[in-house]
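**Q** Structure below; questions to follow.
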Amino acid sequence: MVVIRDSEVVARQYSSRLKLTWAELQSSVLDLEIQGAVQRKEIDFLNKFIERYQQYDVEKKTRESKMAIAFLDKQLQVIGDSLQRYEDEVVNF
């Protein structure tokens, strides 16, 4: 028998059982812990949770990098325009 459950309800249930703690004080590493009746399901959940977080992190860094590059490109254009204007003034001097 297959039971289909609401994904929001399942997500809330997993979230309420997920325990996150810092591996060390002021570190960037977390310890993840979850307990449940079927150990394999909990392991699968943690693996997918980590995989999805890593994907989110890469997407976030990609967006931030693109924004930084766009900003730098704009600044280089402004600087280039200013240098061209000063060069023209020196030539016309």
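The values are calculated or read from the model by the stated rules, or taken from the named source; none is laboratory data. Fair warning: this is a prediction, and the values are worked out from it, not measured in the lab. Ideal geometry is used to build each Cβ from the backbone, glycine not excepted, and the neighbour counts take in all protein chains shown. For the accessible areas, the whole protein counts, side chains as well, though only heavy atoms, and no ligand, DNA or RNA atoms are used. Shrake-Rupley method; radii C 1.70, N 1.55, O 1.52, S 1.80 Å.
**Q** Which of the following residues is more than 30 Å from residue 11 (Cα to Cα), modelled with pLDDT of 90 or more and of a type outside the set (A, V, I, L, M, F, W, C): 60, 74?
**A** Every option except 74 fails the conditions.
**Q** With the condition kept exactly as written, say whether any residue in the stretch 81-88 is hydrophobic (A, V, I, L, M, F, W, C) and open to solvent by less than 70 Å² (accessible area, probe 1.4 Å).
**A** No: zero hits.
**Q** For the stretch 37-65, what are the residues that are within 17 Å of residue 16 (Cα to Cα), of a type in the set (A, V, I, L, M) and open to solvent by 80 Å² or more (accessible area, probe 1.4 Å)?
**A** Once the filter is applied, which keeps residues that are within 17 Å of residue 16 (Cα to Cα), of a type in the set (A, V, I, L, M) and open to solvent by 80 Å² or more (accessible area, probe 1.4 Å), the stretch 37-65 yields only 37.
**Q** Sticking with this structure for a sec: Find the residue count for the stretch 1-35, including only residues that are assigned to a loop (DSSP other than H, G, I, E, B) and either touching a residue at least 40 places away in the same chain (Cβ under 8 Å) or open to solvent by less than 70 Å² (accessible area, probe 1.4 Å) (or both).
**A** Number of matching residues: 4.
**Q** Just need a number here: residues in the stretch 1-14 that are of a type in the set (A, V, I, L, M) and under 22 Å from the mean Cα position of the chain (by Cα).
**A** Going through the stretch 1-14 one residue at a time, the tally reaches 1.
**Q** Return the residues of the stretch 15-32 that are more than 21 Å from the chain's Cα centre (by Cα) and of a type outside the set (A, V, I, L, M); say none if nothing qualifies.
**A** 16, 17, 24 - these are the residues of the stretch 15-32 that are more than 21 Å from the chain's Cα centre (by Cα) and of a type outside the set (A, V, I, L, M).
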